[in-house]
Protein chains: 2
Amino acid sequence: MALIVQKYGGTSVANPERIKSLAARVARYKALGHQIVVVVSAMSGETNRLIALAKEIMPDPDPRELDVMVATGEQVTIGMTALALMELGIKAKSYTGSQVKILTDNAHTKARILSIDEHNIKQDLDDGYVVVVAGFQGVDADGNITTLGRGGSDTTGVALAAALKADECQIYTDVDGVYTTDPRVVPEARRLDKITFEEMLELASQGSKVLQIRSVEFAGKYKVKLRVLSSFEEEGDGTLITFEEENTMEQPVISGIAFNRDEAKITVLGVPDKPGIAYQILGPVAEANVDVDMIIQNTGADGTTDFTFTVHKNEMNKALSILRDKVQGHIGAREINGDDKIAKVSIVGVGMRSHVGIASQMFRTLAEEGINIQMISTSEIKIAVVVDEKYLELAVRVLHKAFELEAA
Amino acid sequence: MALIVQKYGGTSVANPERIKSLAARVARYKALGHQIVVVVSAMSGETNRLIALAKEIMPDPDPRELDVMVATGEQVTIGMTALALMELGIKAKSYTGSQVKILTDNAHTKARILSIDEHNIKQDLDDGYVVVVAGFQGVDADGNITTLGRGGSDTTGVALAAALKADECQIYTDVDGVYTTDPRVVPEARRLDKITFEEMLELASQGSKVLQIRSVEFAGKYKVKLRVLSSFEEEGDGTLITFEEENTMEQPVISGIAFNRDEAKITVLGVPDKPGIAYQILGPVAEANVDVDMIIQNTGADGTTDFTFTVHKNEMNKALSILRDKVQGHIGAREINGDDKIAKVSIVGVGMRSHVGIASQMFRTLAEEGINIQMISTSEIKIAVVVDEKYLELAVRVLHKAFELEAA
């Protein structure tokens with residue numbers, strides 16, 4: 001017997017029929033003797049309908065009152081879900097975030113969970129109930145209704161699993177797990193049975209949008225066993241996200257390939273190589289709220305250095321004018337260039353820590369296809385390269401094959 | 001400066017436009033320096049939509065979960081109302097029943113209010129806020145969301161007015177007050193500026209369906225000054241419902257005329273006049289859950305008695321068969337008759353306590369029109385007669401004229 005938290009998103013509770021099929025799935029788990037907590041989102045479209053209603057009254061709605069309205073979306077779903085379970089003969093009881101209570105800070109529309117009172121839920125589980133909890137919402141110390149912002153239901157699921165010391169937190173989505181890479185680019189992409197939390201973070205932040213990063217971070221912090229599954233398929237164990245690097249020897253070296261088409265590259269050439277130059281270049285950029293991703297500096301033989309970094313494509317021109325207006329003359333750089341025809345490709349894997357030669361295998365594979373590498377950046381479990389945008393799909397495909405990711 | 005509770009029903013909050021016009025009205029009161037608490041119902045149709053959604057999942061929905069769903073109706077309205085007030089530059093803050101907190105018993109879908117914590121609302125009013133409270137809902141001692149049943153928003157308004165010791169509770173409805181009688185029957189019917197609580201109870205229970213009886217009883221118990229007004233008209237002071245019989249001398253003798261077409265008359269003839277006969281006749285009827293209204297017993301000269309009572313028309317046949325099957329032989333009654341072609345007409349007025357001759361004036365007026373009186377029943381502030389159904393409108397019109405109700 002295990003204690004399982006199951007989180008179902010908007011499309012899984014889109015209408016009464018889908019809610020009944022969700023209840024049937026919960027019933028099968030319950031029949032195996034598990035204790036189940038179900039976390040549900042609002043019916044798909046409902047949150048947007050409520051926001052539109054608020055904006056009809058006040059174009060820029062007061063966040064406290066907006067939360068009061070929007071929180072009703074999940075409140076309707078928990079009632080319907082509990083009824084659907086009862087209709088199958090299962091004891092069920094619903095809780096709003098406030099009833100649980102899920103205590104948050106008072107940052108309306110984007111509140112953060114501070115603590116969860118798990119006492120009543122535990123009691124209900126011991127009494128044989130399936131407990132249905134409204135995702136995405138909580139209550140602040142003054143009793144105001146708060147919401148966690150988009151994707152917050154994942155966080156509710158993970159936080160409840162942490163508070164209840166659940167054996168597993170299952171996130172039901174439209175996809176059936178985490179893949180070695182995007183199947184639309186590489187049809188041979190394979191669903192991973194297992195992935196470490198750190199790999200997941202690298203993959204999620206780089207384009208494999210399966211889980212909200214915030215919920216994954218939360219799961220990591222509290223060591224919650226997370227599993228991503230499809231709410232549309234009856235079979236399949238999805239992808240388990242683990243936090244221990246158990247049996248590293250048996251682990252595949254590379255777990256997946258992430259990519260990102262949204263970055264642009266900025267190069268500052270011929271900068272006199274002096275201490276503090278990186279800050280002089282990036283300080284004004286950061287002050288303008290431009291996010292910087294990769295950063296590379298290479299010192300040449302002539303006492304000057306070349307400095308390259310990437311920003312979001314939409315912000316390249318903003319960054320370029322800041323550098324040309326405020327920085328170039330000041331630091332005496334020879335030239336400043338921008339290039340938004342680039343893409344980033346990363347291989348991710350905990351296994352690369354204990355394997356040498358992964359980087360050179362990656363570089364050789366790309367070289368054999370004539371793909372020039374413009375930038376390289378490495379972390380303990382990731383090697384990222386920037387290449388010409390037009391080579392992106394080719395690069396992902398040949399790397400997927402070279403690291404034998406399609407094999408079971 | 002007064003503290004006023006204003007309650008707005010479903011049609012007053014039917015859509016964003018109506019809510020904006022409600023806010024404009026509140027703003028005008030606020031500008032006069034009053035402290036205002038606004039109680040709102042769900043948008044019209046919303047409660048029924050939520051009940052239908054629940055029934056789609058479970059034909060006979062669990063009442064706890066039904067309350068969880070239905071309570072979202074008012075929760076959306078309080079958010080919208082607070083936003084509409086803010087949009088007019090007024091400080092406003094919404095409260096669900098649970099947030100107030102309005103403590104009820106645990107009788108889901110028909111809960112009764114036990115107590116109200118007025119502390120936070122008082123504080124907000126003193127801080128210059130208009131406080132918007134969800135009608136119709138509360139929370140039980142275990143934190144479960146409850147609803148008060150149909151019409152419960154009136155009760156919320158009155159209960160809040162009592163808890164806050166408000167100067168007045170204003171109930172905004174589709175009509176602009178309480179009339180001397182139904183204007184559809186007597187076009188000269190006049191809106192009453194003032195009516196006592198007891199008169200209101202008699203008028204409301206007999207067909208002048210303006211307020212929920214339960215809320216009027218509640219107002220009487222806690223001496224809340226109630227005023228009925230139209231939410232569709234800008235002008236007019238509506239009808240004030242008072243609890244003191246101040247200046248009885250100046251009061252009109254009769255305040256209004258109520259009538260009811262929904263009753264049927266059952267007569268048990270030739271019953272041996274023995275103690276306990278009333279119980280032997282009405283006991284079996286009451287056990288079958290048939291409500292009895294008027295009851296009259298007249299003892300004849302021959303040692304037998306005639307026993308007459310009225311029930312709802314829909315239940316006449318049920319009552320007749322109970323009497324014929326279980327009672328007639330047992331008590332030795334000669335005959336049992338039913339008549340559903342009757343109507344009840346009542347004159348209501350606190351003033352009749354101190355005036356003699358009211359009853360005879362009523363009977364003479366009806367006699368002059370050739371209207372036969374079949375039954376008479378009196379209370380301290382009411383004289384009710386049963387007449388042939390076909391004379392109903394005539395009876396109401398001549399009585400309205402005889403007691404000079406059309407005069408200002």
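The values are calculated or read from the model by the stated rules, or taken from the named source; none is laboratory data. Note that the coordinates shown come from a computational prediction; the quantities given were computed from them, not determined experimentally. Note that we place each Cβ from the backbone using ideal geometry, even for glycine, and neighbour counts take in every protein chain shown. To get the accessible areas, we keep the full protein, side chains included, count just its heavy atoms, and leave off ligands, DNA and RNA. Shrake-Rupley method; radii C 1.70, N 1.55, O 1.52, S 1.80 Å.
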Q. Is there any pair linking a residue in the stretch A:78-105 that is more than 9 Å from chain B (Cβ to nearest Cβ) to one that is of a type in the set (Ser, Thr, Tyr), with Cβ under 6 Å and at least six apart or on different chains, and which?
A. A:91/A:129; A:103/A:115; A:104/A:146
Q. Tally time: how many residues in the stretch A:43-72 are closer than 30 Å to residue A:122 by Cβ, within 11 Å of another protein chain (Cβ to nearest Cβ) and open to solvent by 20 Å² or more (accessible area, probe 1.4 Å)?
A. 2
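Report whether or not residue B:128 is under 30 Å from the mean Cα position of the chain (by Cα) and more than 13 Å from every other protein chain (Cβ to nearest Cβ).
Details: under 30 Å from the mean Cα position of the chain (by Cα): no; more than 13 Å from every other protein chain (Cβ to nearest Cβ): yes.
No: the conditions fail for residue B:128.
Does the stretch B:11-25 hold any residues that are buried (at least 22 other Cβ atoms within 10 Å of the Cβ) and away from chain A (no Cβ under 14 Å), and which are they? Let's see the steps before the verdict.
Start the filter on the stretch B:11-25 by keeping residues that are buried (at least 22 other Cβ atoms within 10 Å of the Cβ), which leaves B:12-13, B:19, B:22-23.
B:12, the sole residue that qualifies.
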(Q) Restricting to the stretch B:132-191, give me the number of residues that are within 21 Å of residue B:27 (Cβ to Cβ) and not aliphatic (A, V, I, L, M). (A) 9
Q: Could you name every one of the strands (runs of 3 or more DSSP E) located completely within the stretch B:158-240 that has at least 1 residues being among the aromatic types (Phe, Trp, Tyr)?
A: B:168-173
Q) Does the stretch B:106-123 hold any residues that are within 13 Å of chain A (Cβ to nearest Cβ) and in contact (Cβ under 8 Å) with a residue 12 or more places away in the chain, and which are they? A) B:108, B:109, B:117, B:120, B:121
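Tell me which residues, restricted to the stretch B:373-384, are farther than 21 Å from residue B:350 by Cα and touching a residue at least 24 places away in the same chain (Cβ under 8 Å). Break it down stepwise before answering.
Just the residues of the stretch B:373-384 that are farther than 21 Å from residue B:350 by Cα, to begin with: B:373-375.
B:374, B:375 - these are the residues of the stretch B:373-384 that are farther than 21 Å from residue B:350 by Cα and touching a residue at least 24 places away in the same chain (Cβ under 8 Å).
So how many residues does the stretch B:385-400 have that are touching a residue at least 40 places away in the same chain (Cβ under 8 Å) and part of a helix (DSSP H, G or I)? Explain how you work it out, then say what you get.
So in the stretch B:385-400, the residues touching a residue at least 40 places away in the same chain (Cβ under 8 Å) come out as B:385-393, B:395-397, B:399-400.
Of the ones still in play, those that are also part of a helix (DSSP H, G or I) are B:389-393, B:395-397, B:399-400.
So the answer is 10.
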Q. Which condition does residue A:405 not pass, out of (1) hydrophobic (A, V, I, L, M, F, W, C); (2) open to solvent by less than 60 Å² (accessible area, probe 1.4 Å); (3) under 22 Å from residue A:308 (Cα atoms); (4) modelled with pLDDT of 90 or more, if it passes all the others?
A. (3)
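Which residues, taken from the stretch B:104-129, are part of a helix (DSSP H, G or I) and either open to solvent by less than 50 Å² (accessible area, probe 1.4 Å) or β-branched (Val, Ile, Thr) (or both)?
First pass over the stretch B:104-129, keeping only residues part of a helix (DSSP H, G or I): B:119-126.
Once the filter is applied, which keeps residues that are part of a helix (DSSP H, G or I) and either open to solvent by less than 50 Å² (accessible area, probe 1.4 Å) or β-branched (Val, Ile, Thr) (or both), the stretch B:104-129 yields B:121, B:124, B:125.
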Q.
I'm told residue B:160 meets every condition in (1) modelled with pLDDT under 95; (2) more than 12 Å from every other protein chain (Cβ to nearest Cβ) except one. Can you identify the failing condition by its number?
A. (1)
Q) Can you find a residue in the stretch B:138-146 that is over 26 Å from the mean Cα position of the chain (by Cα), within 13 Å of another protein chain (Cβ to nearest Cβ) and in contact (Cβ under 8 Å) with a residue 60 or more places away in the chain? A) yes
(Q) Being charged (D, E, K, R) and either touching a Pro at 6+ places or on another chain (Cβ under 6 Å) or assigned to a helix (DSSP H, G or I) (or both) is the filter here; which residues of the stretch B:80-97 pass it? (A) B:87
Q.
Taking the conditions exactly as written (more than 8 Å from chain B (Cβ to nearest Cβ) and closer than 23 Å to residue A:109 by Cβ), does residue A:40 satisfy them or not?
A. yes
Q) For residue B:327, are the conditions met, namely being among the β-branched types (Val, Ile, Thr) and in contact with a Pro (Cβ under 7 Å, 6 or more places away or on another chain)? A) yes
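Looking for whichever is surrounded by fewer than 20 Cβ atoms within 10 Å (Cβ to Cβ) and at pLDDT below 95 here; the options are B:151, B:143, B:177. Which one fits? Can you show your working first?
Details: B:143 fails: at pLDDT below 95; B:177 fails: surrounded by fewer than 20 Cβ atoms within 10 Å (Cβ to Cβ).
Step by step, each of B:151, B:143, B:177 is checked, and only B:151 is surrounded by fewer than 20 Cβ atoms within 10 Å (Cβ to Cβ) and at pLDDT below 95.
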Q) Taking residue A:239, is it open to solvent by less than 30 Å² (accessible area, probe 1.4 Å) and either in contact with a Ser or Thr (Cβ under 7 Å, 6 or more places away or on another chain) or closer than 30 Å to residue A:402 by Cα (or both)? A) yes
